[in-house]
Structure formats: C-alpha cells, structure tokens
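Asker: The structure under discussion is supplied below as structure tokens; questions concerning it will follow.
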Amino acid sequence: MEYTPNADQEISENEQPILQLEDVTIRYGDVPAVQNVSLAIARQQITSIIGPSGCGKSTLLRALNRMNDFIPEANITGRILYMGAELYSEETDPVDVRRKIGMVFQKPNPFPKSIFSNVAWGPSINGYREGIEDRVEKSLRRAALWEEVADRLHDSASSLSGGQQQRLCIARALAMEPEVILMDEPCSALDPVSTARIEDLMFELKKRYTIVIVTHNMQQAARVSDYTAFLESGKLVEFGETDQVFTRPRHNRTEEYVTGRFG
Amino acid sequence: MTPGNALRRHAIAKAFHFLCATVTWAGVALLGVLLFHVSYSGFMWLDGQFLSSFPSRFPEKAGLNSALWGTLWLITLTVAFSVPIGVAAAIYLEEYGGKGKLSRLIEVNIANLAGVPSIVYGILGLVVFVRFFGFGRSVLAGSLTMSLLILPVIIIASRESVRAVPGSIRQAAFALGATRWQVVRSHVLPSALPGILTGVILAMSRAIGETAPLIMIGALTYIAFVPNGPMDAFTALPIQIFNWASRPQQEFHQLAAAGIIVLLAVLLLMNAVAVFIRYRTEEGNK
C-alpha cells in the first residue's frame, strides 16, 4: 500500500511543481487525519483528490492554504513547499498564503452583500482601489457569470441561484488573482446543469490557474482532472495521471474504489 | 391509529393553543390596564410648564425639567461608556480569546454579574467613582456606575449575536487573505449589529428605570438646575417619580403618574431610534 512519490515520473520534466508535499501528517489532537502524504501538484493543471468519506481529503486540501490554522487542535508535520518556499515556516504569514492560494467551499457562501461587493471586497482589503470595476468585471467574466449578472451588480448575492452563487464565489476568489485555487467539493450542493457549467469553467481556468479539487464524485474527477490522488484512511494509496489511475490503477484498492466496489 | 386517538390529540393541541394565547393576552392586558391607569391620573398634569419647571413644594408649580435633563445626560454618557466597551469585550471573547478554561471562567462570571442586585453596583460606584476617583455626586459618577450595571447585559447579548454569524462567512473572508480585524470589521460586526442593538435597547431600558444605585451614589432629589457638564450634580426621572409618589398629597401622586408618562416616552423614543438603526442595518445586510 505504501506509495513512494517520484515527481520526475509523474510530471513533465521541465515543469517545476507549484506545490510540493513532503511526508505531510496532519493530526487533530492525537488522531491522525492525513498520514505521510507526499505528492507534487503541477502548475496550470487540475489535480483531484478522491477517496471515501472521512479519508482526510478535505483536511489535506485545507492544509494547502493554511485554513487548518483555525482549528486549534490541528497540527501538521512534514513540509509543504509553495514555489519552493516553506508554507509552514515561522516567517510565512498565513494571510499572504491565502492571498496567493484561493479557496472555493463545498456550500456556496457568498457574503450577505451585493454581487459587486462580494467580488470587490478581497481586492479592496488588499489595497486595490483603482480600477476596481474592471477587476470585478474581469473576475465575473472569467467565472462565466458576467452575462447573467451584468445588469444587477448591486442586487443582493442571495438573490442568485445555488449554481450562480458558487460561480460568484469562484469569481470572488479570482478577483485576488491567485496562483492556485483550491476547491472543496464545489459541486456537491449543485444540480447537474450547474455542475456541468462549473466543470466547463474549470477547463477555462486551467489556462491561468492551478486547480486542486476535492471531490466525492469519481466521474467528475475522471472528467476534469489531469492528475488524481486517491486517499484512504489518511494514506495516499495512489497518485498519478488521471487516465492511468482510472484505467490502469497500480493498486487493488484504487481499482476497487474507482469501479465503485466501495466508498 | 384510531379516530378516538386523533380526536384526543386534536383536543390537546387546541388546549395548548388556548393556554398560550391566554398567557400572552393576559400580559398585554395587564400592561394596558397599567398604562391606562397612569395616563388617567397623570395626563392632565402634562403640559409645557410641567416639562420646563424645576421641582417645587407646590404641585401646580412643580416640574421635572432637571430630572428629564439629568436622565438624558445619564443615559447618553452611559451608552457612550458601555456600548464600545461591551461590544469590544464580546468581540474579544468570541473572536480572539481562546476557548480555554479562563474564557469559560470569564463567561460564567459575566453571567453572574448580570444577576447582581443593582444596589450592589450602587455601593461599588459610591466607593470607587464618588470617593476613590473623587468624581463626587456627579453625572459622571452616576453614568459610570450605570455602565457597570448594564455592561454584562450588553456583553452577553453581543456575544450571542457575534456567535450567530455563520462560520462559513468567516472562512470565506479568511480564504481571501483577510486579517482577523478585517473579517470582524467587514463581516462579523455588520452581521451581528442587529442583535447587538437589541441588547443595547434592553440594557438602556434597564438603565433608564434604575433608581437604587443612583440613590446610593447620592443623586439628589431636589435639583433646581439643569446639569451643564458631566461633573454637575443631577437627579433622574425615576428618583423624581419616587420622590413625588412618596408624598402624602394626592396631587403629587398625579405628578408622579405624569412623570411616568414622560419616562415611558423617553424610553420609547430611544428604542425607536435603536429599532430604526437596526432596521437600516438589516436592510443593508440583505
């Protein structure tokens, strides 16, 4: 079951991985949620993390932009390198990390404000004052929401449908012009049509951003991602190109999971 | 399920409905009777002269000018002291302070403070503000004492409403690279403001009716001038009302009733302002 990473083999040679996890273990108190995970996340690719409920995939994802800092009993060992710099060193400011590595959550969580303010808030607290309208428009366009909301930017965000709200949350993350976008089951609260729209959007976003997505839905992982990591009980069972993981898995457990025999 | 059983359940449901309605309307009716009685006996004394005159031993010359202004000074200063401190304490406890033993100890203590009899705050105010700090029997000493009295109420209500702000909103804001202060200022406070204002209304209503701590710190019953600053001596509406009600003459009892009407009017006016602000912020949050 032990998997030893081999970054050169997994990722095309000339690409330096944007995020590199080395022997990462995350515990809640004494209970390990993620154990000894090592993997590399390729720039401008979609990496999906799959696995049964409670396998630690959300925990792992949240470690990548230090959102686990808000859980007092969570602690992490091992190293995570973001563009070569240590993510969990003393000198790293978690606030800076989150500006570079954005996040979209499982349930759409727009701020109880207007559509415009939702997108504008991130840039405005980071000191971007000029050209905020352009930035909001650009972000909404990239999130494929502009056409639907252009004439009602100052309406409340809660007037949007669930799928639109989730795209608004994506636009909100994009407005910070991050390098990486983490998505924690972004479609689990959405209907199939909205899900398809978000998946199309991910293909578009891939041209500029690196995406890491946690998903329950194996078809979705197979459809959208370039690389897939399969986690079970906090351990990384298999990591590789999505085609390979789904068609020629190296491990029995992976095969059993992707063919729907458990999970 | 037999029909008899269903009938029985319907009967119980109806009885419960009736019971709840009775209790609710009994409360309203009681309040109505009280208001009617007070208005009936005090209404004829309500005029410009009553509002603009100082206390007098002749009922037809007596008024509550000094008490009205004393109460306005007292409440304004009390709110100015207690709301910023109370809200800041609530935010610290909820957003910054840990969830450890110390935090729980503080929480229990604040809840206990809310239940301490007001006369105890009066003694504290007398010792600390009037004597130790040398503020004398001033509006300042009175409002600081009153602030201590209503701080627990404000802190508890503010904490509740800060806690009710969904965690997902905080997470979303943090994930955009916001600092804790930015999250609190832009999201937690605006969302919690309606609840905080409800707490402030309750606290103000308590402060405006309190008499015991004011008597304890020595607010006088006979003041023939309007306070011009926080260091002036003062009286307040409840003290004036109490003073009139304790006199033997029938006319003074009617003056007391008129004073109660003025007190209620001031209270309702303040609450209306707070409700208006709350309404506006709720609209803004949508």
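Asker: Would you check which residues across region B:161-175 are more than 15 Å from A:Arg66 (Cβ to Cβ), at the interface with chain A (Cβ under 8 Å from one of its Cβ atoms) and not hydrophobic (A, V, I, L, M, F, W, C) and list them?
Answerer: Residues satisfying the conditions are B:Pro166, B:Ser168.
Asker: If B:Ser158 satisfies every condition in (1) surrounded by fewer than 18 Cβ atoms within 10 Å (Cβ to Cβ); (2) farther than 30 Å from B:Leu34 by Cα; (3) more than 14 Å from every other protein chain (Cβ to nearest Cβ); (4) of a type in the set (Gly, Ala, Ser) but one, which is the exception?
Answerer: If we test B:Ser158 against (1) surrounded by fewer than 18 Cβ atoms within 10 Å (Cβ to Cβ); (2) farther than 30 Å from B:Leu34 by Cα; (3) more than 14 Å from every other protein chain (Cβ to nearest Cβ); (4) of a type in the set (Gly, Ala, Ser), just (1) comes out false.
Asker: Still on this structure, please answer the following. What about B:Gly177, is it touching a Lys or Arg at 6+ places or on another chain (Cβ under 7 Å), assigned to a loop (DSSP other than H, G, I, E, B) and not hydroxyl-bearing (Ser, Thr, Tyr)? Before you say what the answer is, go through the steps one by one.
Answerer: Working: touching a Lys or Arg at 6+ places or on another chain (Cβ under 7 Å): yes; assigned to a loop (DSSP other than H, G, I, E, B): yes; not hydroxyl-bearing (Ser, Thr, Tyr): yes.
Answer is yes for this residue.
Asker: Given the criteria touching a strand residue (DSSP E or B) at 6+ places or on another chain (Cβ under 6 Å), closer than 22 Å to A:Ile198 by Cα and among the aromatic types (Phe, Trp, Tyr), does A:Phe105 qualify?
Answerer: On the way: touching a strand residue (DSSP E or B) at 6+ places or on another chain (Cβ under 6 Å): yes; closer than 22 Å to A:Ile198 by Cα: yes; among the aromatic types (Phe, Trp, Tyr): yes.
Yes: the conditions hold for A:Phe105.
Asker: Something else about it: Within region B:207-222, does at least one residue satisfy the condition of being within 14 Å of the chain's Cα centre (by Cα) and either of a type in the set (Val, Ile, Thr) or within 14 Å of chain A (Cβ to nearest Cβ) (or both)? Walk me through it before giving the result.
Answerer: Keep residues of region B:207-222 that are within 14 Å of the chain's Cα centre (by Cα), which gives B:207-211.
Applying the additional criterion that residues be either of a type in the set (Val, Ile, Thr) or within 14 Å of chain A (Cβ to nearest Cβ) (or both) yields B:208, B:211.
Among the residues of region B:207-222, at least one is within 14 Å of the chain's Cα centre (by Cα) and either of a type in the set (Val, Ile, Thr) or within 14 Å of chain A (Cβ to nearest Cβ) (or both), which makes the answer yes.
Asker: Something else now. Run down B:Ser168, B:Ser161 and say which single residue is in contact with a Lys or Arg (Cβ under 7 Å, 6 or more places away or on another chain) and over 25 Å from B:Glu210 (Cα atoms).
Answerer: Values: B:Ser161 fails: in contact with a Lys or Arg (Cβ under 7 Å, 6 or more places away or on another chain).
Just a single option satisfies the conditions, and that option is B:Ser168.
Asker: Only one residue in A:Phe116, A:Phe70, A:Phe105, A:Phe111 is more than 14 Å from the chain's Cα centre (by Cα), at the interface with another protein chain (Cβ under 9 Å from one of its Cβ atoms) and buried (at least 19 other Cβ atoms within 10 Å of the Cβ), so which one is that?
Answerer: A:Phe111
Asker: Follow-up question, since we're still on this one. Looking at A:Asn75, is it touching a Lys or Arg at 6+ places or on another chain (Cβ under 7 Å), closer than 21 Å to A:Thr25 by Cα and not aromatic (Phe, Trp, Tyr)? Reasoning before the result, please.
Answerer: Details: touching a Lys or Arg at 6+ places or on another chain (Cβ under 7 Å): yes; closer than 21 Å to A:Thr25 by Cα: yes; not aromatic (Phe, Trp, Tyr): yes.
Here the answer is yes, as A:Asn75 does meet what is asked.
Asker: Which of the residues that make up region A:92-102 are in contact with a strand residue (DSSP E or B) (Cβ under 8 Å, 6 or more places away or on another chain) and either more than 9 Å from chain B (Cβ to nearest Cβ) or among the aliphatic types (A, V, I, L, M) (or both)? Walk me through how you get there before you give the answer.
Answerer: Here is the first cut: in region A:92-102, the ones in contact with a strand residue (DSSP E or B) (Cβ under 8 Å, 6 or more places away or on another chain) are A:92, A:97, A:100-102.
Matches in region A:92-102: A:Thr92, A:Val97, A:Ile101.
Asker: Which of the residues that make up region B:223-249 are over 23 Å from B:Ser41 (Cα atoms) and either outside any loop (DSSP other than H, G, I, E, B) or over 21 Å from the mean Cα position of the chain (by Cα) (or both)? Steps first, please.
Answerer: If we filter region B:223-249 for residues that are over 23 Å from B:Ser41 (Cα atoms), which is where we start, we get B:223-235.
Result: B:Ile223, B:Ala224, B:Phe225, B:Val226, B:Pro227, B:Asn228, B:Gly229, B:Met231, B:Asp232, B:Ala233.
Asker: Follow-up question, since we're still on this one. Report every pair of residues separated by at least 6 positions or lying on different chains whose Cβ atoms are under 6 Å apart, first residue within region A:246-263 and within 12 Å of A:Gly51 (Cα to Cα), second assigned to a helix (DSSP H, G or I).
Answerer: A:Val258/A:Met218; A:Val258/A:Phe246; A:Phe262/A:Glu256; A:Gly263/A:Tyr257
Asker: Could I ask something else about it? Tally time: how many residues in region A:70-98 are modelled with pLDDT under 90 and part of a helix (DSSP H, G or I)?
Answerer: Summing the residues that are modelled with pLDDT under 90 and part of a helix (DSSP H, G or I) in region A:70-98 gives 1.
Asker: May I pose another question? Looking at this structure, is A:Thr25 over 17 Å from the mean Cα position of the chain (by Cα) and within 14 Å of chain B (Cβ to nearest Cβ)? Show your work before the answer.
Answerer: Working: over 17 Å from the mean Cα position of the chain (by Cα): yes; within 14 Å of chain B (Cβ to nearest Cβ): no.
Judged against the criteria, A:Thr25 is not a match.
Conditions tested, residue by residue: (1) within 14 Å of chain B (Cβ to nearest Cβ); (2) in contact with a Pro (Cβ under 7 Å, 6 or more places away or on another chain); (3) closer than 30 Å to A:Ile26 by Cα; (4) buried (at least 17 other Cβ atoms within 10 Å of the Cβ).
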{"position": "A:Tyr128", "(1), (2), (3), (4)": "yes, no, no, no"}
{"position": "A:Arg142", "(1), (2), (3), (4)": "no, no, no, yes"}
{"position": "A:Glu148", "(1), (2), (3), (4)": "no, no, no, no"}
{"position": "A:Gln165", "(1), (2), (3), (4)": "yes, yes, no, yes"}
{"position": "A:Glu177", "(1), (2), (3), (4)": "yes, no, yes, yes"}
{"position": "A:Leu190", "(1), (2), (3), (4)": "no, no, yes, yes"}
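Asker: When you go through (1) among the aliphatic types (A, V, I, L, M); (2) in a helix (DSSP H, G or I); (3) within 29 Å of A:Tyr82 (Cβ to Cβ) one by one for A:Val193, which number turns out not to apply?
Answerer: All conditions pass for A:Val193, except number (3).
Asker: I'm trying to understand the selection: among the residues of region A:53-69, which are aliphatic (A, V, I, L, M) and in a helix (DSSP H, G or I)? Full working, then the answer.
Answerer: Taking region A:53-69 as the starting set, the residues that turn out to be aliphatic (A, V, I, L, M) are A:60-61, A:63-64, A:67.
Within region A:53-69, A:Leu60, A:Leu61, A:Ala63, A:Met67 qualify.
Asker: Separate question: Looking at region B:46-75, which of its residues are hydroxyl-bearing (Ser, Thr, Tyr) and either under 14 Å from B:Leu237 (Cβ atoms) or surrounded by 20 or more Cβ atoms within 10 Å (Cβ to Cβ) (or both)? Please lay out each step first, then the result.
Answerer: So in region B:46-75, the residues hydroxyl-bearing (Ser, Thr, Tyr) come out as B:52-53, B:56, B:66, B:71.
If the condition is that a residue be hydroxyl-bearing (Ser, Thr, Tyr) and either under 14 Å from B:Leu237 (Cβ atoms) or surrounded by 20 or more Cβ atoms within 10 Å (Cβ to Cβ) (or both), then B:Ser66, B:Thr71 are the ones that fit.
Asker: Taking into account only those residues within region B:67-118 that are β-branched (Val, Ile, Thr) and closer than 13 Å to B:Leu148 by Cβ, which is nearest to the other protein chains (Cβ to nearest Cβ)? Spell out how you get there, then give the answer.
Answerer: First, the residues of region B:67-118 that are β-branched (Val, Ile, Thr): B:71, B:75-76, B:78-79, B:83, B:85, B:87, B:91, B:106, B:108, B:110, B:116.
The next check asks that each one be closer than 13 Å to B:Leu148 by Cβ; those that pass are B:78, B:85, B:110, B:116.
Working: B:Thr78: 31, B:Ile85: 26, B:Ile110: 22, B:Val116: 32 Å.
Filtering region B:67-118 for residues that are β-branched (Val, Ile, Thr) and closer than 13 Å to B:Leu148 by Cβ, the one nearest to the other protein chains (Cβ to nearest Cβ) comes out as B:Ile110.
Asker: Now a separate question. Do you know which residues across region B:164-187 are within 20 Å of A:Glu177 (Cβ to Cβ) and aromatic (Phe, Trp, Tyr)?
Answerer: B:Phe174
The values are calculated or read from the model by the stated rules, or taken from the named source; none is laboratory data. Just so it is clear, the model here is predicted, and its values are computed rather than measured. As a convention, Cβ positions derive from the backbone with ideal geometry for all residues, glycine included, and neighbour counts pool all protein chains shown.
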